[in-house]
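None of the figures in this text is laboratory data; all of them are computed from the coordinates on show. None of these values were measured; they are calculated from a predicted model. Glycine also receives a Cβ, built like all others from the backbone with ideal geometry; neighbour counts cover every protein chain displayed.
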Amino acid sequence: MKRKKITVIGAGNVGAACAHWLAVRELGDVVLFDIVDGLAPGKALDILQAAPIDGSDVSIIGTGSYADTADSDIVIITAGLARKPGMSRADLLEKNSSIISFVTQRVVKYSPAAFLLVVTNPLDAMTYLVKQVSGFPKNRVMGMAGVLDAARMRYFIAQELEVSVADVTAFVLGGHGESMVPLARCSTVSGIPLSALMSPEKIEAIIERTRNGGAEIVSFLKTGSAFYAPAAAVGQMVEAILKDKKRILPVSALLEGEYGISNCYVGVPVKLGGQGVEEVIELDLLPDERSALGRSHQSVRSLVERLKL
Ligand code: TXD
């Protein structure tokens, strides 16, 4: 049986953690690419040396040549700068947009049928850029953020209630930034609404901590941003596509009228399966949720306008 081929562009913190996550679960052969001499081969070799302990029989190549990425089934794009303390994700726009345009042109030349999963910040604007540069259909170009933001919220809820993380669901809508919209109304613990288990003040505190979840980690690390949870979130999306699981996950997807938004990438619930983004699920939002999503959409749009496409 031919194994799937997954390319990870950028062998930094998120890229390398992704490669390891995917290899441990044997989701496919992994090609890890970076422009820094020796970085990708070094990390690939390190992951391969964990394989006997992980019990994983996939191939991992570390490379600086796009030819090695040819005919990938999925390409995960993590190349670019990460935040430092005091920076917002939007501050990364200029530098990362030139990296992302360059990378996308090369990637699509070698893998014209791949799914493109964008991780680089500012996430929704970079995903829009990848869509424009690749010219790929919208089901094959998506961004990862909501799975991570929701996982943060799930962890905070589980910690507060002292229950298993496995029983907690949460949903975060909107762009990946300070204006994200954690939907407490859709959070449950084994089907029990969160509001039945927690005071409104506690829920509000968790929403706030979720919004600042990335910045909280940046302020500890000082030299970079989160990577274990982002890598796991990417892994879950890759698994949903490669195993055609049809999972309902928050994904940055191109909206064309859904939620009253057009021609913009924003985090929304989608059905993720073998065809990629198979469906955008439209929720009936309450008025305050709708206006919060509108504000989040505007902040993504203002970044996209700065891209000068
Ligand atoms: O939820 C999310 N979407 C995110 C996004 C969660 C975590 C991190 N998020 C963003 O991902 C973060 O703000 C950054 O924009 C990217 C990558 O974060 P990471 O923490 O992995 O950054 P690193 O460790 O600096 O790694 C980036 C790598 C580094 O090795 C560079 O040499 C490489 O990118 N790089 C390139 N690779 C290939 N091609 C080009 N042109 C290139 N330029 C830099």
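Computed values, structure above
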item	result
Listed residue (275, 39, 87) projecting farthest to the positive dipole end of the chain, Cβ model	39
Cα-based convex hull volume of region 234-309 per residue, rounded to whole Å³	101
Rg to Rh, two decimals, where region 146-306 supplies the alpha carbon set and Rh follows Kirkwood	0.95
Exposure proxy order (Cβ contacts within 10 Å, fewest to most) of 4, 95, 131	95, 4, 131
Greater than 27 Å apart at Cα, pairs in 5/271; 84/243; 4/222	84/243; 4/222
Distance in nm between pseudo-label sites at residue 216 and residue 71 (7 Å out along the Cβ direction from Cα)	4.6
Neighbour-count order for 192, 261, fewest beta carbons within 10 angstrom listed first	192, 261
Inter-site label distance for residue 190 and residue 307 at 7 Å from Cα along Cβ, in nm	4.4
Fraction of antiparallel bridges per DSSP, region 203-309 only, in percent to nearest 5	100
Cβ charges +1 (Lys, Arg) and -1 (Asp, Glu), total dipole of the chain, debye	560
Beta bridges by DSSP in region 5-143, antiparallel share as percent, to the nearest 5	0
Cα long-axis angle, helix 39-54 against the chain (0 to 90 degrees, to the nearest 10)	80
DSSP bridge pairs, the chain: antiparallel proportion in percent, nearest 5	50
Over region 1-113 - Rg/Rh using Cα atoms and the Kirkwood inverse-distance radius	0.99
Mean residue ellipticity (222 nm) of the chain, computed from DSSP H runs ≥ 4 via -39,500 (n - 2.57), nearest 500	-13500 deg cm²/dmol
Among 53-66, 279-292, the order from most to least packed when residues are scored by Cβ within 10 Å on average	53-66, 279-292
Net +/- balance of residues flanking residue 128 in space, Cβ distance below 11 Å, scoring K and R +1, D and E -1	+1
Three semi-axes of the equivalent ellipsoid, the chain, Cα gyration tensor, whole Å, largest first	30, 22, 19
